[in-house]
1. Does THR165 meet the test of being of a type in the set (S, T, N, Q), surrounded by fewer than 18 Cβ atoms within 10 Å (Cβ to Cβ) and modelled with pLDDT of 95 or more?
2. Go through the residues of the stretch 345-358 one by one and say whether even a single one is aromatic (Phe, Trp, Tyr) and closer than 30 Å to GLN143 by Cα.
3. Output the qualifying pairs, or none if there are none: Cβ atoms under 7 angstrom, residues six or more apart or on different chains, first residue in the stretch 336-362 and in the same structural domain as PHE236 (by TED's automatic domain parsing), second residue assigned to a loop (DSSP other than H, G, I, E, B) and aromatic (Phe, Trp, Tyr).
4. Can you work out which of the residues in the stretch 295-322 that are in contact with a Lys or Arg (Cβ under 7 Å, 6 or more places away or on another chain) and part of a strand (DSSP E or B) is surrounded by the most Cβ atoms within 10 Å (Cβ to Cβ)?
5. How many residues, within the stretch 235-262, are surrounded by 14 or more Cβ atoms within 10 Å (Cβ to Cβ) and in a loop (DSSP other than H, G, I, E, B)?
6. Scan the stretch 84-100 and tell me whether some residue there is closer than 22 Å to ASP331 by Cα and part of a loop (DSSP other than H, G, I, E, B).
7. Residues of the stretch 353-389 being under 19 Å from LEU305 (Cα atoms) and assigned to a helix (DSSP H, G or I), which ones?
8. Look at the stretch 212-234 and say how many of its residues are buried (at least 17 other Cβ atoms within 10 Å of the Cβ), of a type in the set (A, V, I, L, M, F, W, C) and in a strand (DSSP E or B).
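The values are calculated or read from the model by the stated rules, or taken from the named source; none is laboratory data. Just so you know, these numbers come straight off a predicted model, no measurement behind them. Every residue, glycine as well, gets a Cβ built from its backbone with ideal geometry; the counts of neighbours run over all protein chains shown.
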Amino acid sequence: MAISSPYPTRRFVAQLLAAGSLGALMGASRALAAPVDASVGNQAEWEQKYDSDPRLSVTRSTTPMLSPQTVQMTEAAIQQYQELVAQGGWQPVPTGATLKLGSKGAAVVALRRRLMVTGDLAPDAGDAPVFDSFVNAGVIRFQTRHGIGANGVVAQQTLQALNVTAEERLRQLQLNLVRLRAYAGNLGGRFISMNIPAAAVETVENGQVFSHHQAGVGKIDRQSPVMQAKVVEINFNPFWTVPVSIIRKDLIPKMQADPNYLTDNKIRVIDKSGQEVPPTAVNWNSMDAVNYRFRQDPGADFNSLGVVRVNIPNQWGVYMHDTPSKGIFGDDFRFVSSGCVRVQNIRDYIAWILKDTPGWDRDHIDEAIRSGARIDARLTQPVPVFWVYITAWATDGLVQFREDIYKRDGFGDGMALAEGITPVPAQGKGAAGKRAATQARAPIAAD
């Protein structure tokens, strides 16, 4: 008697990917390499409003990034991209002009051909020089797969992603397969994953994604670490003690520019005896400030940790938390912290974390926050957390890529272990939107 596996077979995975039109378009990539008529004008006389192709719609995956299914689908994607490379890959889209709904010209023809090769546009969409709603849907699908704001406009960031070669994408998939395999074992019934290049958090329960959260992660010069930890405690209405590194890099320059900065942001100065002293007690034209402790009062509107700190003890001293600057979650570029992770929809996030801890339902969580008091909730069962660095993967037939923001993809296939990943043993089968630099009076990045 045949035993059915809980995970998809390689053949089924390949069929999933083919459903995205990738495999069927290998031959189309050669046929579409014909010269483009450069005599066509630059703009259509009206915006096309045809219905988009429902086959190209993208739904949010419930398959965890860290799962055997993702490993298998990524393996299938590698096979598809190997075939693509063997067929010559794709031709670049001309740069220099923004393309959007209503645009017309040779660049639109090139864009159509590029989208067809990777299954973002159906092969029967035609070779017309007009940027119609079919092309718009194809661009949105492409942008979604690459973590770019899905507005259907082909500007600089989208053009750069379109023109990464097939060879580079294949190598990216191969490298990240090594990383994914390190997490292909049994990670537990409930766990959290945070993918740094995607600046995104998943909560996972019983093999499926329970919730997705945008995140703010470490700046390029203050990188979030790859690590494994556990959530042991939730801190409501936390104080924030400024780390020495931020005192040096941020606090001293801000006080030099604005002597009222500490007072305005409710940050108190504590000397070595534990007594509060005025900011004028510090010599701000030197490194004298590192001899003091700086503690920010709790407060949803100004405290850099917002209303919640998620305690995950680790050797780097980083953690996850709320933020008063919620606008970052709408940006494409969310590499804004000093190493910690800011989490979108923090109340939903901690409600899931605390669901198995008696006395901490959503009403009690909201009451604790509303009280403004310093309250700690110790988890009955700690929840595993994995901070990972994955720039390419495939789930549910969709191949995903993210920018190698920390430039870690160029070190060879052994990078997974070099990053300090401890492989989990298998058990059973299975930059648009970047914010401008903060002004002198803006809050410090807490993490």
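1. The answer is yes for THR165.
2. yes
3. Final answer for the pair search is GLY339/TRP316; CYS340/TYR319; LEU354/TRP360.
4. Filtering the stretch 295-322 for residues that are in contact with a Lys or Arg (Cβ under 7 Å, 6 or more places away or on another chain) and part of a strand (DSSP E or B), the one surrounded by the most Cβ atoms within 10 Å (Cβ to Cβ) comes out as HIS321.
5. 6
6. Among the residues of the stretch 84-100, at least one is closer than 22 Å to ASP331 by Cα and part of a loop (DSSP other than H, G, I, E, B), which makes the answer yes.
7. ILE353, ILE365, ASP366, GLU367, ALA368, ILE369, ARG370, SER371
8. Residues meeting the conditions: 6.
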